[in-house]
Amino acid sequence: MEVKKILVVGAGTMGHGIAQLAAQQGFEAYLLDTEKTIVDKAYMKIKENLFKRVEKGKITKEQAEEVIKRITVGTELESFSDADFVIEAVFEDIEIKKKVFEKLDSIFGPEVVLTTNTTACSISEIAAATKNRKRVIGMHFFNPPLIMKLVEIIPGLETDEATVEKTKAMAEMLDKTPIVTKIETPAGIVSRVLAALLNEAVVVYSEGVADAKDIDTAMKLGANLPMGPLELIDMIGVDIHLAKTETLYREYSDPRYRPPYILRKMVKAGHLGRKTGRGFYVYDENK
């Protein structure tokens with residue numbers, strides 16, 4: 001599979017992380033979003049991330065500058081129509097994703113694989129918005145995509161084997177370890193298992209059993225987790241976790257996935273975690 005140019009649709013935390021990853025692995029990376037202010041902010045964040053790596057001695061200044069040169073940001077999809085591979089990473093809203101894929105399907109030829117980084121939306125439903133459903137597939141990166149090694153690959157009902165193989169190869173070219181699910185399932189493997197655990201940690205917090213720091217410390221020391229569950233929600237984004245659990249609860253009607261009400265209150269208040277400076281914890285700066 002000859003891939004030189006990767007388009008990432010959505011310049012949020014996951015999107016700009018995936019674009020940086022692609023550029024670091026030698027690909028030309030296109031980063032698209034609806035507003036110039038959004039893509040400009042993402043571009044500056046990527047530059048900031050790269051020069052932090054320079055300061056830590058992980059890469060040279062020249063290497064950082066080469067990576068930056070391989071990244072192009074924009075707001076017009078048509079200007080990136082020469083991309084060889086597409087990764088969608090917009091907000092977890094099925095209707096938004098369907099509109100995005102309908103547009104992608106109209107612009108890119110049948111040889112271009114269209115992937116979605118969704119954690120919970122139906123791959124088959126997203127693919128239904130296209131005329132060429134066999135080339136649509138889930139390609140779920142984990143936060144932060146630069147560090148986390150796993151990529152879950154989730155085929156839809158009509159995804160063909162060639163698309164699966166191309167996506168696996170792409171994950172490996174990005175220096176990731178791909179795991180392919182045998183059937184389509186909302187949230188794949190990791191997010192589905194984690195959703196119930198994270199929800200229970202929120203319930204324990206909302207009941208006043210312990211504060212956030214003690215809950216996280218207990219889970220790190222007692223369950224050997226590298227990061228506490230409430231810290232993890234703050235990193236993922238409280239809004240993202242809420243959207244994911246709402247989808248899982250709607251799909252399965254399983255009380256394990258019913259999002260605790262406190263999550264809705266936090267989202268309404270703008271307490272979305274690290275990216276807004278406040279979630280279960282208060283942070284010194286927005287991330």
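Each reported figure results from applying straightforward, stated rules to the coordinates on display, with no laboratory input. As the structure is a computational prediction, the values presented were derived from the model and not from experiment. Here the Cβ positions follow ideal geometry from the backbone for every residue, glycine too, while neighbour counts run over all protein chains shown.
Based on DSSP, what percent of beta bridges with both residues in the chain are antiparallel, to the nearest 5?
So the antiparallel bridges amount to about 25 percent of the total.
Modelled label-to-label distance, Met227 and Glu125, 7 Å Cα→beta-carbon offset: nm?
A separation of 2.7 nm, rounded to one decimal place.
Per 0.36 nm of contour for each residue apart, how much would the distance between Leu150 and Glu251 grow if the chain were fully extended, relative to their Cα-Cα spacing?
Computed gain between Leu150 and Glu251 is 33.9 nm.
Would you kindly state how much longer the chain becomes between Met44 and Glu78 on full extension, computed as 0.36 nm times their sequence separation minus their alpha carbon distance, in nm to one decimal?
9.9 nm is the gain from fully extending Met44 to Glu78.
Where does segment 5-180 land on Rg(C-alpha)/(2.2 N^0.38 Å)?
0.98
For segment 178-257, calculate the relative contact order in percent as a whole number, restricting contacts to Cα pairs under 8 Å that are 6 or more residues apart.
Reported relative contact order: 31 percent.
For segment 82-184, what are Rg and Dmax over the alpha carbons, in angstrom?
Radius of gyration, then largest Cα-Cα span, for segment 82-184: 12.4, 35 Å.
Give the angle, between 0 and 90 degrees and rounded to the nearest 10, that separates the Cα long axis of helix 161-173 from the longest principal axis of the Cα atoms of the chain.
For helix 161-173, the angle is close to 80 degrees.
Taking the inverse of the average 1/r across all pairs of different Cα atoms in segment 70-134, what Kirkwood radius in Å do you get?
The answer is 12.3 Å.
Counting pairs of alpha carbon atoms under 8 Å apart in space and at least six apart in sequence, what relative contact order in percent does the chain give?
RCO, the chain: 13 percent.
What FRET efficiency comes out for Lys61 versus Ala196 if R0 is 41 angstrom and r is the Cβ-Cβ distance? Round to the nearest 0.05.
In this case the efficiency is close to 0.35.
Could you give the angle, 0 to 90 degrees to the nearest 10, between helix 190-206's Cα long axis and the longest principal axis of the Cα atoms of the chain?
30
If r is the Cβ-Cβ distance from Glu35 to Ala269 and R0 is 25 Å, what FRET efficiency results, to the nearest 0.05?
After rounding, the FRET efficiency stands at 0.60.
Counting residues in segment 191-276 as N, plug N into 2.2 N^0.38 Å and put the Cα Rg over that result.
Dividing the Cα radius of gyration by 2.2 N^0.38 Å gives 1.02.
For helix 36-55, what angle does its Cα long axis make with the longest principal axis of the chain, in degrees from 0 to 90 and rounded to 10?
The two axes meet at around 80 degrees.
Which whole-angstrom value gives the distance between the alpha carbon centres of segment 1-21 and segment 97-162?
Computed from Cα coordinates, the inter-centre distance equals 13 Å.
Just how far, in whole angstrom, is segment 174-253 from segment 30-89 if you go by their alpha carbon centroids?
If we compute the Cα centre of each part, the gap is 28 Å.
Using 0.36 nm per residue of separation minus the Cα-Cα distance, give me the extension gain between Val203 and Ala162 in nm, one decimal.
10.4 nm
For a quick check of your reading of the filter: which trypsin sites (Lys or Arg not before Pro) in segment 76-171 sit in a DSSP loop and have no more than 14 other Cβ atoms within 10 Å?
Here the trypsin sites (Lys or Arg not before Pro) that fit, given the DSSP loop and packing criteria, are Lys131, Lys149.
Grab the beta carbon distance between Lys103 and Lys213, set R0 = 35 Å, and tell me the FRET efficiency rounded to 0.05.
0.20
Arg53 label point, 7 Å along Cα→Cβ, cut-off 15 Å on backbone N: hits in segment 132-151?
144-149
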